[in-house]
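Down below is the structure, laid out as structure tokens.
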Amino acid sequence: MNFHTLLLISACFFACVTADFLNNKVEAKDLKYLLEPLVFAEVTARRGQTVILPCVLRFKPAHYRVKWTKIEPSSFGVENVVLITNGEAMKRYGSLGPRASLRRAHHLDVSLILTQLQLEDDGEYRCQLINGIEDESVAVTLRLEGVVFPYQSPRGRYRFTFLDAKEACAAQDALLATYKQLYYAWTEGLDWCNAGWLSDGTVGYPILHPRPACGGDLLSGIRSYGLRHKTRDHYDAFCFTSPNTGTVFFILGPLNFSEAERMCRQESAELARTGHIYSSWKFQRLDQCDGGWLQDGSVRFPIIDPREPCGGTAEPGVHSFGFPNKRNRLYGAYCYR
Ligand SMILES: *[C@@H]1O[C@H](CO)[C@@H](O)[C@H](O)[C@H]1NC(C)=O
């Protein structure tokens, strides 16, 4: 092989690789100023952490602004701007603004730093270069690591309006889950036969093992009822939470509900919320074979390794005894501190 063929081959090699890259892009638009975030299209973090959403210029136009916006979940027609910079000055906006800044690791870096992440920060962000002529943007997804759990009213199945469901999740240190969060939880093994509200006002349920009692022989996946009426229709809720700073611990019973409350207070703690016990189960491997009171009046227990004495439960998970009579002195207490 002579020098010329070698050159030809290597030229083709680079050209072909580049072409392949461009074809695989989500937005198949050639970017001139912004670096396509192929490597960093999704960033994951937990509540309370600091995260960097990467956005790097390829070169600087003479005059430009960079605008960071949260584009999903959408805020119904209102543009959710986080920050705008003209290269020197920077102005922050909205509820995210106070926790937002630019990394500026080098002269082409306009990556966004978000500190003290909160549950509502999960979603898709856009880094937009505005130079008057050719505006460009790239999208970066911030995925909060967390857990999705089904939640039912103490009054029974399918009692929540959309607003009730939202408030119920908030009271459990959680938010109504997004469709993507429920979908992700399904890929991790969530299978649940009761339909619940999601944050976009749709209703659905995740099924891994199709069975007659759960919609019959339909395929596995998220079964969606689509948008439901927010005040007339009633369902359960799917809540999403991410680890918080505190920890959950168990106090052995037998206790009634008010005794359980008091025992936690004696330990400078409070009865755990449902979100606390789910995230401790998932992220701190909390495994306890005893039912314990939670703040909402429910009794639950978290299982990592299924075993005979624990009610013979086959599945790892947080199991529920529902909302027993608060006078029952049969359970322990799960406290959160
Ligand atoms: C729980 O038990 C205590 C006595 O230990 C009693 O004073 C209290 O009324 C009981 N609470 C409930 C909700 O039954």
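The values are calculated or read from the model by the stated rules, or taken from the named source; none is laboratory data. Computed from a predicted model, the values in this text were never measured in an experiment. Using ideal geometry, Cβ is built from the backbone for each residue, glycine included, and neighbour counts are taken over all protein chains shown.
Listed residues 182, 175; which is touching a Pro at 6+ places or on another chain (Cβ under 8 Å) and over 30 Å from residue 328 (Cβ atoms)?
Step by step, each of 182, 175 is checked, and only 182 is touching a Pro at 6+ places or on another chain (Cβ under 8 Å) and over 30 Å from residue 328 (Cβ atoms).
Considering only the range 116-127, state which residues are in a loop (DSSP other than H, G, I, E, B) and crowded, with 18+ Cβ neighbours inside 10 Å.
Selection gives 117, 122.
Before we move on, is residue 315 touching a helix residue (DSSP H, G or I) at 6+ places or on another chain (Cβ under 7 Å) and either at pLDDT below 95 or of a type in the set (D, E, K, R) (or both)?
It is false that residue 315 is touching a helix residue (DSSP H, G or I) at 6+ places or on another chain (Cβ under 7 Å) and either at pLDDT below 95 or of a type in the set (D, E, K, R) (or both).
Any residue at all in the range 157-165 that is part of a helix (DSSP H, G or I), in the same structural domain as residue 210 (by TED's automatic domain parsing) and within 22 Å of residue 271 (Cβ to Cβ)?
So in the range 157-165, the residues part of a helix (DSSP H, G or I) come out as 162-165.
Still in the list and also in the same structural domain as residue 210 (by TED's automatic domain parsing): 162-165.
Narrowing further to those that are within 22 Å of residue 271 (Cβ to Cβ): 164-165.
Yes, the range 157-165 has at least one match.
Residue pairs, Cβ under 7 Å, 6 or more apart or interchain, first in the range 322-337 and in the same structural domain as residue 269 (by TED's automatic domain parsing), second within 11 Å of the ligand (Cβ to nearest atom) and assigned to a loop (DSSP other than H, G, I, E, B). List them.
Here the result reads 323/297; 326/256; 326/297; 327/256; 328/256; 329/256, each pair linking the range 322-337 to a residue that is within 11 Å of the ligand (Cβ to nearest atom) and assigned to a loop (DSSP other than H, G, I, E, B).
Give the range 63-90 a look and list any residue that's surrounded by fewer than 14 Cβ atoms within 10 Å (Cβ to Cβ) and in contact (Cβ under 8 Å) with a residue 40 or more places away in the chain, or say none.
If the condition is that a residue be surrounded by fewer than 14 Cβ atoms within 10 Å (Cβ to Cβ) and in contact (Cβ under 8 Å) with a residue 40 or more places away in the chain, then 63 is the only one that fits.
Are there strands (runs of 3 or more DSSP E) fully within the range 213-328 with at least 3 residues that are surrounded by 13 or more Cβ atoms within 10 Å (Cβ to Cβ) and within 16 Å of the ligand (Cβ to nearest atom)? List them.
Numbers: elements: 221-227, 236-241, 248-255, 299-303, 317-320.
Where strands (runs of 3 or more DSSP E) fall fully within the range 213-328 and carry at least 3 residues being surrounded by 13 or more Cβ atoms within 10 Å (Cβ to Cβ) and within 16 Å of the ligand (Cβ to nearest atom), they are 248-255.
Taking the conditions exactly as written (more than 29 Å from residue 283 (Cβ to Cβ), small (Gly, Ala, Ser) and outside the structural domain of residue 274 (by TED's automatic domain parsing)), does residue 132 satisfy them or not?
When the stated conditions are applied, residue 132 passes them.
Can you tell me which residue among 298, 199, 224, 280 is among the hydroxyl-bearing types (Ser, Thr, Tyr), closer than 26 Å to residue 143 by Cβ and outside the structural domain of residue 158 (by TED's automatic domain parsing)?
280
Show the residue pairs that are 6+ apart or on different chains and have beta-carbon atoms under 7 Å apart, the first residue being within the range 183-196 and surrounded by fewer than 14 Cβ atoms within 10 Å (Cβ to Cβ), the second being of a type in the set (A, V, I, L, M, F, W, C).
Matching pairs, first to second residue: 189/208.
Restricting to the range 221-231, what's the tally of residues that are free of Cβ contacts under 8 Å to residues at least 60 places away in the same chain and farther than 18 Å from residue 181 by Cα?
Qualifying residue count, the range 221-231: 1.
With under 30 Å from residue 182 (Cβ atoms) and either modelled with pLDDT of 75 or more or not assigned by TED's automatic domain parsing to the domain that holds residue 134 (or both) as the only criterion, which of 26, 66, 56, 17 stands out?
26
Residue by residue, here is whether (1) in contact with a His (Cβ under 9 Å, 6 or more places away or on another chain); (2) crowded, with 18+ Cβ neighbours inside 10 Å; (3) closer than 30 Å to residue 206 by Cα holds:
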| site | (1), (2), (3) |
| --- | --- |
| 129 | no, yes, no |
| 144 | no, yes, yes |
| 149 | no, yes, yes |
| 154 | no, no, yes |
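Considering 182, 142, which residue is within 14 Å of the chain's Cα centre (by Cα), in a strand (DSSP E or B) and either in the same structural domain as residue 231 (by TED's automatic domain parsing) or under 27 Å from residue 286 (Cα atoms) (or both)?
Every option except 142 fails the conditions.
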